[in-house]
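This report concerns only the one structure given below.
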Amino acid sequence: TQLLEQSPQFLSIQEGENLTVYCNSSSVFSSLQWYRQEPGEGPVLLVTVVTGGEVKKLKRLTFQFGDARKDSSLHITAAQPGDTGLYLCAGPDSGTYKYIFGTGTRLKVLA
Amino acid sequence: EAEVAQSPRYKITEKSQAVAFWCDPISGHATLYWYRQILGQGPELLVQFQDESVVDDSQLPKDRFSAERLKGVDSTLKIQPAELGDSAMYLCASSLFSQRQETQYFGPGTRLLVL
């Protein structure tokens, strides 16, 4: 079973600061998805990365898939209180096709 | 925009009682997933359906949990009897197919509290 470790586990920053969240595995993933989940709601898909080295931008969010497809990062520029939430990376286990979620990063952006 | 529907949104029950959750996936999505999420953690897959068939229920506590998708559309997840440790968010998701790169879309979840 492939594991997805996220770091940091918790992050509290001031509005306007930049931050990076990491998602790491010892195994190769064919694709990775990033979700944001607000309290009491289901995860909402932000992006899917497929190709090693791929970079995708979504407004102030930049997602990168590692060259070896074992890791991914999410960088937020000039964080806003609306970015507060639980950020999850996830991907399909290459052997069983079971969808695996990362351990999560809980972000709080203070106004 | 099509969404995954779940009901109820919140459920409070006493231990040893039976509870049931309902999910209606996005129209045309063949694959349906039920997840359990403990507060602050990532979701954990309980069961995966391809149409009306179960393709993975290895993490489903079968002594008390059951799931069905009789007509290959909507689905019901049941817990009987509920235990205190079952308190969690229960999420339903659907995808068009069960291929590797297929995106899953999540419903709003049902938050269960067992007293």
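Each reported figure results from applying straightforward, stated rules to the coordinates on display, with no laboratory input. As the structure is a computational prediction, the values presented were derived from the model and not from experiment. Reconstructed Cβ throughout: ideal geometry from the backbone, glycine too, with neighbour counts over all protein chains shown.
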With a 10 Å cut-off between alpha carbons and a GNM built on chain B, which of B:ALA93, B:ALA67, B:ALA20 moves the most? B:ALA20
Which value, to two decimals, describes the C-alpha radius of gyration of the range A:1-78 once divided by 2.2 N^0.38 Å? 1.11
Tell me, Kirkwood radius of the range B:71-113 from alpha-carbon pair distances, in Å? 12.5 Å
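Would you please calculate the Kirkwood hydrodynamic radius of the range B:36-115 over all C-alpha pairs and express it in Å, rounded to one decimal?
Over the range B:36-115, the inverse of the mean reciprocal pair distance is 13.5 Å.
What trypsin sites (Lys or Arg not before Pro) in the range A:1-67 are in a loop by DSSP, with at most 11 other Cβ atoms within 10 Å of the Cβ?
Those that pass, being in a loop and sparsely packed, are A:LYS59.
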Which of these, A:SER72, A:SER12, A:SER27, has the largest mean-square fluctuation under a Gaussian network model of chain A (Cα springs below 10 Å)? A:SER12
Could you list log10 I(q)/I(0) for the range B:1-59 at q = 0.14 Å⁻¹, which the Debye formula gives when each Cα is one point scatterer? -0.51
Based on DSSP loop calls and a cut-off of at most 15 other Cβ atoms within 10 Å, the longest stretch of chain B free of exposed trypsin sites (Lys or Arg not before Pro) is what? B:16-61
Approximate shape of the range A:36-111 as ellipsoid semi-axes (Cα gyration tensor, √5λ), whole Å, largest first: 23, 17, 9
Rounded to whole Hz and in sequence order, give me ³J(HN,Hα) for the range A:36-46 from the Karplus expression 6.51 cos²θ - 1.76 cosθ + 1.60, θ = phi - 60°, writing x for Gly and Pro. 10, 10, 9, x, x, 10, x, x, 10, 5, 9
Contour minus Cα-Cα span, B:SER53 to B:PHE97, at 0.36 nm per residue, comes to 14.5 nm
Test of understanding: given chain B, find the longest segment containing no GluC sites (Glu not before Pro) that are in a DSSP loop and have at most 16 other Cβ atoms within 10 Å. B:15-51
What's the long-distance tail for the protein assembly as shown, i.e. % of Cα pairs beyond 28 Å? 30 percent
Identify the chymotrypsin sites (Phe, Trp or Tyr not before Pro) of the range B:62-100 meeting these criteria: DSSP loop state and at most 15 other C-beta atoms within 10 Å of the C-beta. B:PHE97
Using Cα pairs under 8 angstrom and six or more residues apart, how large is the relative contact order of chain A, in percent? 37 percent
Have a look at A:LEU58, A:LEU11, A:LEU45 and tell me which one the Gaussian network model of chain A (Cα, springs below 10 Å) gives the largest fluctuation. A:LEU58
